[in-house]
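Below: the structure, in structure tokens.
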Amino acid sequence: MARLPRLTVTGYPHHVILRGNNRQDIFRNTADYQRMLDLLFEHSRAHKVDIHAYVLMGNHLHLLLTPQEDQGLPKMMQAVGRSYVQVFNKVHARTGTLWEGRYRSTLIQTDRYLLACMAYIDLNPVRAHMVAQPEDYVWSSYGHYAGHRIDRLIMPHALVWGLGNTPFAREAAYAELVHAGISADQQGALTDAALSGWALGDERFVADLQTQTERRLVKTKAGRPFSKVNKPVPN
């Protein structure tokens with residue numbers, strides 16, 4: 001079966017996962033982590049991609065972002081991936097590939113999954129037993145949203161402003177949201193959607209989204225051919 005093209009639609013939040021080949025570490029020291037953040041900042045701005053949340057783990061990374069221009073996301077990821085590997089190989093005296101093929105990504109429904117995805121991302125180090133609390137991990141967006149530091153990489157999504165009327169209220173609300181955690185069903189849905197490339201949302205979200213892309217958005221049942229939903233005709 002032919003591999004589906006990546007699902008990318010301008011103006012929608014995307015959950016992106018980039019993994020090291022054979023689960024090898026892609027960050028070996030502090031300089032590596034900082035280099036990745038610098039490259040993400042440079043190329044997200046160059047290609048008009050808003051990064052809402054991130055976490056850099058030992059052998060992979062997660063991003064929650066919204067591309068504002070067509071092809072902005074793939075161009076950003078290509079530039080970041082190539083630039084990072086060139087320096088990583090030189091610094092660590094190695095050759096060959098670093099990444100596990102292409103990055104994985106999916107679109108998520110904003111009102112249903114965006115805040116859950118942010119919490120999912122910021123809780124990664126806790127789930128991996130790297131730290132006891134999300135605030136103990138430096139290489140994630142949690143510190144920015146919880147008010148511990150200002151992170152120049154972060155472009156908050158409009159939904160975040162609805163968490164409170166003041167910065168303090170928003171920070172407290174976000175910290176409470178993350179510490180409350182997400183359900184096992186949400187965690188599984190976010191992981192599966194990103195790895196499979198299927199859109200994550202309710203039926204109406206998927207139907208509306210399908211009018212903007214020829215690419216199949218959900219897994220079809222056996223024996224049912226895919227057909228694109230036509231755009232509605234204005235009354």
- [ ] If a/c stays under 1.5 just call it rounded; otherwise compare a/b with b/c (prolate if a/b is bigger, oblate if not). Do that for region 56-144, with a ≥ b ≥ c from the square roots of the Cα gyration tensor eigenvalues.
- [x] oblate
Task: 3J(HN,Hα) from dihedral phi, region 167-178, Karplus parametrisation 6.51/-1.76/1.60, rounded to Hz, x for glycine, proline - done: x, 4, 5, 5, 5, 5, 5, 5, 4, 5, 4, 5
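From the square roots a ≥ b ≥ c of the eigenvalues of the alpha-carbon gyration tensor of region 1-48, which class results: rounded (a/c under 1.5), prolate (a/b over b/c), or oblate? Mind dumping the intermediate values first?
Working: a/c = 3.24, a/b = 1.26, b/c = 2.57.
The shape class here is oblate.
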TODO: Please give the contour-minus-distance gain from Ala46 to Ala128: 0.36 nm per residue of separation, less the Cα-Cα distance, rounded to one decimal in nm.
DONE: 26.3 nm
- [ ] Any chance you could run the full-extension gain for Ala172 through Thr95? It's 0.36 nm times the residue separation minus the Cα-Cα distance, nm to one decimal.
- [x] 23.2 nm
Task: Computed [θ] at 222 nm, helices only, for the chain once each DSSP H run of length n ≥ 4 contributes -39500 (n - 2.57) - done: -12500 deg cm²/dmol
Task: Thr10 versus Trp161: modelled label distance in nm, points set 7 Å from Cα along the beta carbon direction - done: 2.2
Task: Karplus (6.51, -1.76, 1.60) ³J(HN,Hα), θ = phi - 60°, over region 116-130, in Hz, Gly and Pro reported as x - done: 5, 5, 4, 5, 4, 5, 6, 8, 3, x, 6, 4, 7, 6, 8
TODO: Specify, per residue and in Å³, the volume enclosed by the convex hull of the alpha carbon atoms belonging to region 14-210.
DONE: 123
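Computed from the coordinates by the stated procedures, all read-outs in this text should not be read as laboratory data. As the structure is a prediction and not an experimental result, all values here were calculated from the model. Using ideal geometry, Cβ is built from the backbone for each residue, glycine included, and neighbour counts are taken over all protein chains shown.
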